[in-house]
1. Does region A:63-75 include one or more residues that are under 22 Å from B:LEU253 (Cβ atoms), more than 10 Å from every other protein chain (Cβ to nearest Cβ) and outside any helix (DSSP H, G or I)?
2. Which of the residues that make up region B:372-395 are among the hydroxyl-bearing types (Ser, Thr, Tyr) and surrounded by fewer than 14 Cβ atoms within 10 Å (Cβ to Cβ)?
3. Would you confirm whether any residue within region B:53-69 is surrounded by fewer than 19 Cβ atoms within 10 Å (Cβ to Cβ), polar (S, T, N, Q) and either more than 10 Å from every other protein chain (Cβ to nearest Cβ) or not in a helix (DSSP H, G or I) (or both)?
4. Please determine, by comparing only the residues of region B:21-52 that are among the β-branched types (Val, Ile, Thr) and either within 14 Å of another protein chain (Cβ to nearest Cβ) or touching a residue at least 24 places away in the same chain (Cβ under 8 Å) (or both), which one is surrounded by the fewest Cβ atoms within 10 Å (Cβ to Cβ).
5. If you go through region B:84-91 one residue at a time, do you hit one that is at the interface with another protein chain (Cβ under 10 Å from one of its Cβ atoms), of a type in the set (Val, Ile, Thr) and in contact with a Ser or Thr (Cβ under 8 Å, 6 or more places away or on another chain)?
6. Scan region B:795-826 for residues that are β-branched (Val, Ile, Thr) and in contact with a Lys or Arg (Cβ under 9 Å, 6 or more places away or on another chain) and report the count.
7. Checking the structure you have, find out if any residue of region B:410-421 is closer than 21 Å to B:LEU321 by Cα and without any contact (Cβ under 8 Å) to a residue 60 or more places away in the chain.
8. Out of all the residues in region A:105-144, which are facing chain B (nearest Cβ under 7 Å), farther than 19 Å from B:HIS190 by Cα and β-branched (Val, Ile, Thr)?
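What follows draws every value from the coordinates through simple rules; no lab data is involved. Values in this document were obtained by computation on a predicted structure and should not be read as measured data. Every residue, glycine as well, gets a Cβ built from its backbone with ideal geometry; the counts of neighbours run over all protein chains shown.
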Amino acid sequence: MIRAVLVLNTQGKPRLSKFYEYQPVEKQQQLIRNVFAVLCSRPEHVSNFVDAESFFGPDARLVYKHFATLYFVFIFDSSENELAMLDLIQVLVETMDKCFRNVCELDVVFNYSKIHTILDEIIFGGQVLETSSTEVLKAIEEISKCSLSPLVFNMVLLFCIIMVNKKALRSGKLVTRDFSLSIKAQPFFYADEMI
Amino acid sequence: MNPFSSGTRLRDMIRAIRACKTAAEERAVVRKECAAIRDSINANDHDYRHRNLAKLMFIHMLGYPTHFGQMECLKLIASPGFPEKRIGYLGLMLLLDERQEVLMLVTNSVKQDLNHTNQYIVGLALCALGNICSAEMARDLAPEVERLLQFRDPNIRKKAALCSIRIIKKVPDLAENFINPATSLLREKHHGVLIAGVQLCADLCKTSTEALEHIRKKCTDGLVRTLKDLANSPYSPEYDIAGITDPFLHIRLLKLLRVLGEGDADASDSMNDILAQVATKTESNKVAGNAILYECVQTIMSIEDNGGLRVLAINILGRFLSNRDNNIRYVALNMLMRAVTADAQAVQRHRATILECVKDSDASIRKRALELVYVLVNETNVKPLAKELIDYLEVSDPDFRGDLTEKICSIVAKFSPEKIWYIDQMLKVLSEAGNFVKDEVWYALIVVISNASELHGYTVRALYRAFQTSAEQETLVRVTVWCIGEYGDMLVNNVGMLDIEDPITVTESDAVDVIEIAIKRHASDLTTKAMALVALLKLSSRFPSCSERIREIVVQFKGNLVLELQQRAIEFNSVIAKHQNIRSTLVERMPVLDEATFVGRRAGSLPGTASTPTVPSVSIPNGVVKPVAPLVDLLDLSSDDVPAPSSSGGDLLQDLLGVDMSGASQQSGTGQASKSGKDVLLDLLSIGSPSAPSSSSTVDILSSNTSNKAPASPLDDLSSLSLSSRETSNAAPMMDLLDSFSPSPPTENNGPVYPSVTAFESSSLKLTFNFSKQPGNPQTTSIQATFTNLSPNTYTDFVFQAAVPKFLQLHLDPASNNTLPGNGSITQTLRVTNNQHGKKSLVMRIRIAYKINGKDALEEGQISNFPRDL
C-alpha cells in the first residue's frame, strides 16, 4: 500500500502532504524534512528511487519525480511495483496539468483542497483507485458541478446571460453554445474562489 | 452568505503566509489566523465554517497544531450541502485519525451519507471511511459498504471495493462476507472497478485462507483469461500509458496471480502460458512496459517452480541491467538480489553486467550492485572479481569507498585461496584506501602475516615499497611499522626472496627512516606513534649500528604530552641505554599469533561476516583511548609482549624472567633485589596500559580461553609472586634500576590481592568469585564470577542475577556464554562500587536460573563471605 504522498518545492516547503498511515503532526514534519534532505542532495540523472527505510521504517520505498520547482514523492511498501508508482506520479501530474492548464507551483498552493480532491480520486486509503486521467477528470468535473452552491451558480448564470446578451445585441443573434461552454470549462475554478 | 464579508479569505491568508520572510513572521501570521478561527468557532459562525476549515487544513500542512478544528469537521459533515460536506470530509481525513474518540461521533453521519441519494456524497463518505476507518466503525458500517459494491455507478463500486480492503484489514473476521461480492467484481469490464476488485481479492487472500482457497479454485482461470484479453487487446486510449494498455491492471492481475500461484502447483501450471506470453511479448523500451515485465518476473520467481520460465525471467533482468534508464537497473538489481537464492547459477551468468553496475554513477545503484556482487562471490571467481573491485577502488567516489573497502576486505578474507594472494590484495587495499579499513581487518592481516613464516621477508619488502608511495594511509603505516619492527632484518638482508620479486636494496637506516617518518607525521594518531616506538625499540636491538640514532628519536618523546607515549619513551630509553644485555632477548620476534584463537574470537564478536561492528573502546584517564575486549591482547602483543593469548606467552615470560634474574642479580647481588627486579620488569612490561588492568585483563582472557583452570594461569602466579616479593623488598634498588622512572612509584601499579571465595555451592552448581581492584579507586571491586557445572547435564538459558543493598552499586557484564556445558564453566564479570568503603563490607543476594533439558531450575542464595575491605 501507499504510505504517503508528498509534494515539496525545491526549498523544502510542503505543498501537499497526505499520510495514509497515522503519523503525529511533529513526526509528519520531521519526515518531510528528512525526505527533502535526501532529495535535494541527489544529483541529476540518477534513479528515482531512494532507500526510505531509515526514516519510514522497514519495507518502505520512496519514488520521486522532479518537475520544475516541485518534487512529487510517493512512499509505499513492497506490495507495490516501483515502476508502476513512477507511472502513477505521471498520472497525478498529468491530471493536475489538465485541470489547471499548465500546472505550476502557485496553482498547487492556492488550490490546496482541489488538489486533495484530485488525489482522492487517484489514491484511496493507500490503494490505487483510478489510473486513467480522463476518468479522474470526469469525476472531478462532476464533483465540482455539485460544489457550485445555488447562489454562486446563479451568479455565474447571471453573468453569463449578461455576456451572452451583450454579444447577442452586438451581433444581432443569440449564441447559446458559448454559454454552456463557459460553464463547463471553468466550474471547478469558481467553486473554491468564493471560500 | 456573502463571500466578500469580513475575515480574510483563504487565498489572502495563503498570500500573507507566502509573503513572510522569516519563520517568526510566519508563526505570527498563523497565530493571528488561528485566533480569528477560534473566535469564529466560539461564536458558532455557520457562514465561515468551511472557510475556517480550509484555512486550518493549510495551517495543518505547515505543521501547526489544529486540533481545535476537529469538532468543526463533524459539524460540516452533518450539514446538508455538498460543498460543506466536501470540506468537512477533507478535514476529517487530514485533521483526525482513527485513534481519536471524536471519530465515534461521526459514525452516524457517515452512515447517513452512505445511504444518501446523491452519489457524490456517497463517494465522499466512502473516501473518508477508506482513509480513517477504525475497527468499531468498520463493524458498524460494513453492511453499507457491502451493499455499495453492487451500486450502479462504477465510481462508487470501485471506491466501495477499496473501502472494503480497509474494513477487512481492520476486522479480519468480516472477510468472509466480502468473498462473494469481491469475486463478482472480477467479471467487471470497467478498468477502474476491475483494478479495485483485483486489489480487494488480493487482500482477501492475504487475510483469510478460506478466501484464498475459494478464489484459487473459482477464479484463477477467469483471471488468466482477463489477463490474456488485456495483453492482446487493441489500443484503448483511456487506459493507455505510452502505448501500453493499462499497465496498472496488468500489474494488479500479475500480483493476484502470484498470490494464487504461490504454493499451489495446479494454479501455477494454469498460468504458465500467459506468463510466458507477457514476458516475451511486452515491449521493453518504455517504463510502463518494463513495469509489467518486472512484475511478471516477480510472479514467475514466486510461483511454483518452472525451470524454463525462471531462466526467461532472469534473462529479462539481465537485459534490464544494460538498460540506459537508471530506474530499470535499480529494480533489476533489487530483483536479482532476491533471485540469487532461487537460482544462483543463472544470476552468475550476468556477473559481468552486475560488476559494471558497481561502477555506476548513481550511488543507490552502486550500493545495490555491490551487495549483489558480494553475494555472488565464491572460491572460483574471487580472483577476477576482487581484482576488478580493487582496480575500481582507485577511481571510486570517496563516499563509496568505505562500503567498497569493507566488502573487498570481507571477500578477500573469506575466499582467499592462498596466503600470498591474501596479503597482496590486502596491501593493495591498504595503499588505496587504508583510511577506510576497519581495525579488525588489519589486526587480521597482522595475524596472517605472522603465521606465514615463509612470506615474512616478501611481506615486509612489499610493505616498504607501498609505504614509499602511500604513506598517508594510516592503517598501511601501522602494518608497515609493525612488520618492520618484527622483520626489519629480513628487509635489509633480502631474506626469503621469492622468484616474483624485484630485488631492492634497503639499508638499516632506510628502515629506521620509515619508522621515523611514521612517528613524526602529524596525521599519525596515538596508536601509530606508540607502535612506532615499540618498532624502534625492536630495531635498536636488530640494527646495533643505528642504536644511537634510534635513542635520539626515542628521547624526543620523553616530554610528550600524552602520558602513554611519554612513559614508553622513558622506559625504552632506559632499556636502550642501560640494559644492553637483556635487550636482545626482551625484543625477540613475537611468537606466532594463534590464528585459530583470533578467528574464533572474531567470529564470536562478529555475528555476521558481512557486518563489522565497531570495536568498543574505553578511555583511560589520561586520554589514551584503546580498543578493548576481544582485541586487547593483539594490541598489547604488538606493543609490549606481555599478554600472549597462547600458552607460548607463559613460556616467553619465563624466558624473560630468567634473563632478568641474572641481569638484576649482577647489578644488586642480593636475592631480594633479584625478586624486586622481576617486579620492575613486570611493571615495565605492562606499560601498554599505564594503570594495572593489563594484568587483570590478561587473566580474563586466559581464563576465558582455558575455561576450567582459570585461577591456575601462569600469569596469575606471576603477579602474586611479584606481590609477595614487594612486601620484602625495599624501594631503593628499584629506583636505582630505573632512575628516570620517577613520576609514579611502581608499587601502586598492582592492587592488593584478595583470596578468591566460593560464593555458592549446590549439588549441581558451584560459583567462585575472584576479586581485583583498580589502583586509585579502592571503592570499586571487579569480581570475576566463575560458574562451574558439577553435573554432566548441559544447562541452557543460564541467567545470573544479583541484588545488593543501597550502599553498593552493581554493574553486571554479559556472561561469556548462556549455555553451561556438563562439567564445564562460564565466567561473568561484575563490578561493585562500595559507597561506604571501609565501613561496611560487601553482601549480595543472588539468583541463578537455568534450564536442564528444557526444565526450569532456580537457585538462590546470599553471599556474605566476601573478604573484608572490599
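1. The answer is yes, given that some residue of region A:63-75 is under 22 Å from B:LEU253 (Cβ atoms), more than 10 Å from every other protein chain (Cβ to nearest Cβ) and outside any helix (DSSP H, G or I).
2. B:THR380
3. no
4. Checked region B:21-52; the qualifying residue surrounded by the fewest Cβ atoms within 10 Å (Cβ to Cβ) is B:THR22.
5. yes
6. Within region B:795-826, residues that are β-branched (Val, Ile, Thr) and in contact with a Lys or Arg (Cβ under 9 Å, 6 or more places away or on another chain) number 3.
7. no
8. Passing the criteria: A:VAL109, A:ILE143.
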